[in-house]
Amino acid sequence: MPTEVTSADHPVPAVFEADAEEYFNRNQVYETARQLLQDLLLKRPENPLQFMADWLNHGGNKGRFIILGPPGIDLSGLCDSLVARKKAAGDGHEVVHIKGDEVCGGGITDASSPETDRKMSAAMAAAVEAQVGKHNAWVISGFPRTRAQARLMLTKWSVVPDRALILTMPEGSQELESSADKDCERLYEERIPAVKELLKYIATEVEIYPGDKESTSQRMYSLLFDRQEHKEVKTN
């Protein structure tokens, strides 16, 4: 009967142990392994070893991100700027911006109902799967809008996001002019705590200044694509 093989049977030299943690963190080995296992469990292919080989040969998961923020900022414009920065980096990895407002239609003031949430979630899932088939990274802006949508995304989608940035503004940094804007802000503030709670294991809150689009875009890029920035503290 075969005996169990443990790390004690193949001890790692102390010099390698000392360098391993820093090496793995610097090269995102842990994060890559986590993403690979996540995709493997979501897909559950008949041939897991072939799936893993194909996954790595296609560059792995190049990025699956969500960006949320209050109505007082140009969220879509910031995400477009983020995508442009990634393209300018010239690493050959395309990032596609999936706009929640365009895919789902309507806006944050739309009434939330089980049927509406299901339809919006299904539409976004289809948009995401289209990019996955092309092996593209993607960033979603403005979705999920409600707790129900966040739960559907995490439990029903075949591919789920790895990170979420939740943008915040300093209190009093911008005055909303119209009552419609104020209604949007009120609904957003009512709904975002429940969304954040469901996304807490992948979410990072980022305070931004709406008038400084360039530095905001740069910080978003660093948090999502710069390997040295992946230790940003996440929300609790």
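Net charge dipole, the range 62-229: roughly 840 debye, given to the nearest 20, about the Cα centre with Cβ charges of +1 for Lys and Arg and -1 for Asp and Glu.
For the range 62-229, the alpha-carbon coordinates run over 44, 36, 27 Å along the three principal axes, in decreasing order. Given the pairs LYS43/LYS156; LYS99/LYS119; LYS99/LYS200, which are separated by over 18 angstrom at their Cα positions? Violating the 18 Å limit, Cα to Cα: LYS99/LYS200. For the peptides 185-192, 44-51, the ranking by mean Cβ contacts within 10 Å, running from highest to lowest, is 185-192, 44-51. Between the amide H of GLU94 and those of ALA137, distances stay under 5 Å, these residues lying 5 or more places away or on another chain, with hydrogens modeled in the peptide plane.
Given the peptides 121-131, 139-149, arrange them by the average over their residues of other C-beta atoms within 10 Å, most packed first.
On the way: 121-131: 17.2, 139-149: 23.4.
Ranking the peptides 121-131, 139-149 by packing returns 139-149, 121-131.
Coupling constants for the range 187-194 follow from the phi torsions by the Karplus curve (6.51 cos²θ - 1.76 cosθ + 1.60, θ = phi - 60°), and in residue order they are 5, 4, 5, 6, 8, 5, x, 5 Hz; glycine and proline get x. Take the Cα of ASP212, step 7 Å toward its Cβ, do the same at SER158, and the gap between the two points is 4.3 nm.
Would you mind getting me the FRET efficiency between ASP226 and ARG44? Use the beta-carbon distance for r and R0 = 30 Å, nearest 0.05. Here the calculated transfer efficiency is 0.40.
No value in this document is a laboratory result; all are computed from the given coordinates. Predicted model, so just to flag it, every value in this text is computed and none were measured. Virtual Cβ from ideal backbone geometry, glycine too; neighbours counted across all protein chains shown.
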